[in-house]
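Chemist: Quick one: the structure is below, questions incoming.
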Amino acid sequence: MSTSTSTIAGTRAGAASANRGALRRTKLRLSSPWATVGAIVIAVIWTIPSFGLLVTSFRPPADITTSGWWTAFTNPQFTLDNYINTLNFNDTITVGQSFVNSLVITIPATVFPITLALMAAYAFAWIDFRGKDWLFIAVFAMQVVPLQMALVPLLSMYSNGLTVFGIQIFPGLNLNSLTSTYAEVWISHTIFALPLAVFILHNSVSAIPRDVIEAAKVDGAGHGQTFFRIVLPLSMPAIASFAIFQFLWVWNDLLVATVFAPGANAPITKLLTDLSGTYGQQWYLLSAGTFLAIIVPLIVFFALQRFFVRGLLAGATKG
């Protein structure tokens, strides 16, 4: 018995040593000078188009339409006219209105799927019920449904409601109501975000040590107390990382907003498509409009970046 026990212990020690050696070798490869040079080259190549767009946004329209952005270094002429004209642009809505619309659309469309997905992730991870595994697979498989396939059915459901076997499940929304128009965008973005949100947050929630959950049960904590006092605080890195993804995706979205929030409720992305004019004669304004539109996403990313890597790695390893 002692021999077998020592053999198992030796095997485990050898496996642990091999894992540490593999991690050490991987770390050395990723931190080698050549890996650093490669990362710098990729970063430079990735940054050049954005830098060119930034330079273009400060050039006079005549120079933009006749020469490339790199000529600004040999004949430097910079102006703020593009930004002034963009801020003064007023077609269907103004720039300020479109910013407000984007915030009204994006913030709830980020909070709603995270709230629902976190509760679902907790149920899948720590509540035993029949068919749990099959239901989780079904939720995860919904990621393969293309967004474009759901737009027409959703538009029909919002207009006429949803009736199954003669029972009206969803009454439909009043398309002439301002609040209901925003609600359509919120519901649509929530539906499209839930499968990935459940998957990411489930990885984080399931990585919480079982001893912690069992200790809470022994102390008399119910599912509500366990969720709010243990699961929610420990899942904040994963929540923040998904919040960045969802916020950027909704803020940059044009398709869903064009279908469900037209006219005066349109976000900043719809305004960008109108900046160039009917025949594209003012396309040079797009460079300035683009940098105005990314101000809020940059603030969100830098405010939550300390959670980003931790959230991506949450649940990646156990033990």
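Chemist: When you scan region 278-292, do you find a residue that is among the small types (Gly, Ala, Ser), assigned by TED's automatic domain parsing to the domain that holds residue 121 and assigned to a loop (DSSP other than H, G, I, E, B), even just one?
Modeler: Within region 278-292, one or more residues are among the small types (Gly, Ala, Ser), assigned by TED's automatic domain parsing to the domain that holds residue 121 and assigned to a loop (DSSP other than H, G, I, E, B).
Chemist: Within region 134-162, take every residue that is of a type outside the set (A, V, I, L, M) and free of Cβ contacts under 8 Å to residues at least 12 places away in the same chain and give me the one that is nearest to residue 188 (Cα to Cα).
Modeler: Selected residue: 153.
Chemist: Quick check on this structure: which one of 242, 165, 170 is at pLDDT 85 or above and aromatic (Phe, Trp, Tyr)? Steps first, answer last, please.
Modeler: Values: 165 fails: at pLDDT 85 or above; 170 fails: at pLDDT 85 or above.
After applying the criteria, what remains is 242.
Chemist: Within region 59-104, how many residues turn out to be among the polar types (S, T, N, Q), farther than 30 Å from residue 182 by Cβ and surrounded by 11 or more Cβ atoms within 10 Å (Cβ to Cβ)?
Modeler: Here the count works out to 6.
Chemist: In this structure, does residue 16 turn out to be at pLDDT below 85 and either in the same structural domain as residue 292 (by TED's automatic domain parsing) or in contact with a helix residue (DSSP H, G or I) (Cβ under 9 Å, 6 or more places away or on another chain) (or both)?
Modeler: Judged against the criteria, residue 16 is not a match.
Chemist: Taking interchain pairs and intrachain pairs at least six residues apart, which have beta carbon atoms under 6 angstrom, with the first residue in region 69-93 and in contact (Cβ under 8 Å) with a residue 12 or more places away in the chain and the second assigned to a loop (DSSP other than H, G, I, E, B)?
Modeler: Between residues of region 69-93 that are in contact (Cβ under 8 Å) with a residue 12 or more places away in the chain and residues that are assigned to a loop (DSSP other than H, G, I, E, B), the close pairs are 72/59; 77/60; 78/58; 79/60.
Chemist: Going by the conditions given, is residue 257 closer than 20 Å to residue 100 by Cα, assigned by TED's automatic domain parsing to the domain that holds residue 203 and touching a Ser or Thr at 6+ places or on another chain (Cβ under 6 Å)?
Modeler: No; evaluated as a whole, the condition is false for this residue.
Chemist: If I filter region 87-113 down to residues being part of a loop (DSSP other than H, G, I, E, B) and within 23 Å of residue 53 (Cβ to Cβ), which single residue comes out as modelled with the highest pLDDT? Talk me through it step by step, then tell me what you get.
Modeler: Taking region 87-113 and keeping what is part of a loop (DSSP other than H, G, I, E, B), we get 88-89, 91-93.
Now restrict to residues that are within 23 Å of residue 53 (Cβ to Cβ): 88-89, 91.
Values: 88: 84, 89: 81, 91: 70.
Applying the filter and picking the extreme gives 88.
Chemist: I want to confirm something. Restricting to region 63-86 and keeping residues that are modelled with pLDDT under 85 and of a type in the set (A, V, I, L, M, F, W, C), which single residue is nearest to the chain's Cα centre (by Cα)?
Modeler: 64
The values are calculated or read from the model by the stated rules, or taken from the named source; none is laboratory data. This is a predicted model, so every value here is computed, not measured. We place every Cβ from the backbone using ideal geometry, glycine too, and count neighbours over all the protein chains shown.
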